[in-house]
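S.K.: Quick one: the structure is below, questions incoming.
The values are calculated or read from the model by the stated rules, or taken from the named source; none is laboratory data. In this text the structure is predicted, and so the values were computed from the model without any measurement. Quick reminder, even Gly has a Cβ in these numbers, built from the backbone with ideal geometry, and neighbours come from all protein chains shown. Note: areas computed on protein heavy atoms with side chains; ligands, DNA, RNA excluded. Shrake-Rupley method; radii C 1.70, N 1.55, O 1.52, S 1.80 Å.
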Amino acid sequence: MVKHKHYRPPGKKKEGNAARYITRSQAVKQLQVSLPLFRKLCILKGVFPREPKKKVKGNHHTYYHLKDVSFIQHEPLLERLREIRAYERKVKKADAKKNRDRANLLRQRRPTYRLDKIILQRYPNFIDALRDLDDCLTMVHLFAALPAIEERIEVKRIHNCRRLSHEWQAYISRTHKLRKVFVSVKGIYYQAEVKGQKVTWLTPHPLQQVLTEDIDFNIMLNFLEFYEALLAFVNCHLYRSINVKYPPILDPRLEALAADLYALSRYFDANSQSAVLDPQASSLSGSGNVESQQIGDSVSESELRLAQLQHQLPSNEPGALMHLVKDVAGEEEEDDDTRECKKLFKDMKFFLNREVYRESLLFVIPAFGGTVSWEGDGAPFEENDESITHQIVDRPMHGRQTLARQYVQPQWVYDCINARIILPSGGYLAGRDPPPHLSPFVDNEAEGYVPDYAETIKQWKAAGRSEVLPLPGVGKEDLEDPQNLLAEGVIDRAKAKEAVEKKKKMMALEKQYHDELNKELHGVPHSSSVSNIDNHISGKETEDKEEFDDDSELAKLTMPRRRRGKLEAIEKGIKRKKDHIDVIRERKRKLRESQKSKEG
């Protein structure tokens, strides 16, 4: 019998993709769990489907790596979930026998599990956790804005997400780590820089959320369960890095008034003061169990810490501020961006009208050194405070206005944050159409189109820093040329263009002079006319372009097929981007023409 090269007798070990990958049904059968439980384990352990080069069971199956499945099989959490499933059967059996006392007792003693070891396995370093925090923050902020639904989303999950999101925002605001903000149709994008890592997340608008029936909440809640544990660990590490106790104990009066961010800011200030003024008291407050035993069994640790907080911060503080610009003991060294962000809204007091989205502005204004208050109970200062410099409004003002303050729209705050300068408030006054809200996440130079307002902001920033900007057609080296007109400052653009063109023409004349000298030496007749310099320059540019096109076509013909396809895809992308820029410019031209016709 002749054996073929890849012959394998029946019952022997498999090789290749057949041995490395298994389908989802095979994985469920191997682990002896249900499909929802398998999905939950994959989400918690970070196991995702794979795409093998050769799908031995067909294209309609979902494949997992065998090592990933064995990784789940040896997880202690799997055995714990099996015990919980067996325990639920006991509860169900007691309910079926109408033994209510036993069923209630079993529900009170229901076993639980923790995800500490799984988080430590997936993120051995804290930086790894920060890199994977984008989706976590977006999911937690999403559920913090959702309504509680019976038998779907519990109220305690909503409250926990809201608490975790406020703790994260309070840390970012307290340490001035926020870098970019952009308000879009989807929601509000934020980007912070924590420990050298950029973290970007999306928060929904404060609108009534409508939940449809086609959403699988079981999978989303499985992700949320892991993200809640991850964010709690991250918040705990960040709070301890600035010598602040975690979890924070907040003022119940402010919590009842839904002023959680302001309550957290007061908690930060109380901890920083206690750490600086009385380090012994702060160390004693950390050991709450010993103190609670001395006082008595009736007073718990949380009540004692709350009593200390209430003693440091009186309940009645009509002129209390955010206290977010004081230095914290043990805080890491600030970089240049942090120092710049910390001083942007320095010595500015903001007051928010009731129609303005309060949570976002309470987060971003203190993050850049400002002081903010709002209309309602628990506010640090009232609207009639004479030291208020800016009042944020979102509708026309018909009542009495104070001359000492500016009434601006919320977009002014976000644009100032993205530009890192205090922009003129004339275009953002109440009742006016504000300028376009530009995204800080878009690189205008790379896109090939720079909006007019971006150019204006760039000029304002240069004027504030006393810089001389290079004009179109002029490089940085031209600014250092003592013969250039730009050395004296920013002058008229038409004069600058004329100077650049004159310089180019002089260089061409000098080159032509040297060429004619060489011709005279060799006895070749030449023309002394210099009127065709422009035609000579343009003709040379056309010849260079044609030579470049010929070379590129020749290189494309000699390329391998795969590389040629990639090159064509890149060219299509460049052409698509150019067409998009042409459409934007055409729209802008038509808009200007319509505005001129209306004015005329």
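S.K.: Of the residues Arg179, Arg174, which single one is of a type outside the set (Val, Ile, Thr), assigned to a strand (DSSP E or B) and on the phi < 0 side of the Ramachandran plot?
M.R.: It is Arg179.
S.K.: Could you list all residues from region 74-114 that are of a type in the set (Lys, Arg) and more than 30 Å from Cys42 (Cα to Cα)?
M.R.: Within region 74-114, Lys97, Lys98, Arg100, Arg102 qualify.
S.K.: I'm checking my understanding of the structure. Among residues of region 440-462 that are aliphatic (A, V, I, L, M) and out of contact with any Leu (no Cβ under 9 Å at 6 or more places or on another chain), which one is modelled with the highest pLDDT?
M.R.: So, considering only residues that are aliphatic (A, V, I, L, M) and out of contact with any Leu (no Cβ under 9 Å at 6 or more places or on another chain), the one modelled with the highest pLDDT is Val442.
S.K.: To continue, here is another question. Hey, can you tell me all the residues within region 1-34 that are at pLDDT 85 or above, open to solvent by 60 Å² or more (accessible area, probe 1.4 Å) and either part of a helix (DSSP H, G or I) or over 30 Å from Arg80 (Cβ atoms) (or both)?
M.R.: Passing the criteria: Arg20, Arg24, Ser25, Gln26, Lys29, Gln30.
S.K.: Further, regarding this structure: Given the conditions (1) buried (at least 18 other Cβ atoms within 10 Å of the Cβ); (2) farther than 29 Å from Ser241 by Cβ, which single one is not true for His176?
M.R.: (2) is the only condition that His176 fails.
S.K.: Turning to a different aspect of this structure: If we scan region 186-197, do we find a residue that is under 30 Å from Leu115 (Cα atoms), small (Gly, Ala, Ser) and either loosely packed, with under 14 Cβ neighbours inside 10 Å or in contact (Cβ under 8 Å) with a residue 60 or more places away in the chain (or both)?
M.R.: Yes; the residues of region 186-197 include at least one that is under 30 Å from Leu115 (Cα atoms), small (Gly, Ala, Ser) and either loosely packed, with under 14 Cβ neighbours inside 10 Å or in contact (Cβ under 8 Å) with a residue 60 or more places away in the chain (or both).
S.K.: Among the residues that make up region 574-593, is at least one of them modelled with pLDDT of 80 or more and farther than 24 Å from Asp452 by Cβ?
M.R.: Checked against the condition, which is being modelled with pLDDT of 80 or more and farther than 24 Å from Asp452 by Cβ, region 574-593 yields at least one hit.
S.K.: Among Glu213, Glu225, which is open to solvent by 20 Å² or more (accessible area, probe 1.4 Å) and out of contact with any helix residue (DSSP H, G or I) (no Cβ under 9 Å at 6 or more places or on another chain)?
M.R.: Just one listed residue meets the conditions, Glu213.
S.K.: Assess whether Thr200 counts as being assigned to a strand (DSSP E or B) and surrounded by fewer than 21 Cβ atoms within 10 Å (Cβ to Cβ).
M.R.: So Thr200 fits the description; yes.
S.K.: Restricting the search to region 44-60, which residues are modelled with pLDDT of 90 or more and either open to solvent by less than 20 Å² (accessible area, probe 1.4 Å) or touching a Ser or Thr at 6+ places or on another chain (Cβ under 7 Å) (or both)?
M.R.: Selection gives Leu44, Lys45, Val47, Pro49.
S.K.: Mind listing just one residue for me: the one in region 327-354 that is part of a loop (DSSP other than H, G, I, E, B), in contact with a Lys or Arg (Cβ under 9 Å, 6 or more places away or on another chain) and at pLDDT 85 or above and, of those, farthest from Pro380 (Cα to Cα)?
M.R.: Taking the candidates together, the pick is Leu344.
S.K.: Considering only region 391-428, state which residues are small (Gly, Ala, Ser), open to solvent by less than 30 Å² (accessible area, probe 1.4 Å) and over 25 Å from Glu340 (Cβ atoms).
M.R.: none
S.K.: Just need a number here: residues in region 133-154 that are part of a loop (DSSP other than H, G, I, E, B), within 27 Å of Lys45 (Cβ to Cβ) and in contact (Cβ under 8 Å) with a residue 40 or more places away in the chain.
M.R.: 3
S.K.: Answer with yes or no whether Leu230 is part of a helix (DSSP H, G or I), closer than 23 Å to Lys45 by Cβ, open to solvent by less than 10 Å² (accessible area, probe 1.4 Å) and not charged (D, E, K, R).
M.R.: Criteria met by Leu230.
S.K.: Next up: Of these, Glu382, Glu359, Glu375, which one is among the acidic types (Asp, Glu), farther than 22 Å from Gln169 by Cβ and touching a residue at least 24 places away in the same chain (Cβ under 8 Å)?
M.R.: Of Glu382, Glu359, Glu375, the one residue that is among the acidic types (Asp, Glu), farther than 22 Å from Gln169 by Cβ and touching a residue at least 24 places away in the same chain (Cβ under 8 Å) is Glu382.
S.K.: For region 83-131, which helices (runs of 4 or more DSSP H) that fit wholly inside it have 1 or more residues that are open to solvent by 100 Å² or more (accessible area, probe 1.4 Å), under 29 Å from Ala192 (Cα atoms) and among the charged types (D, E, K, R)?
M.R.: 116-122, 126-131
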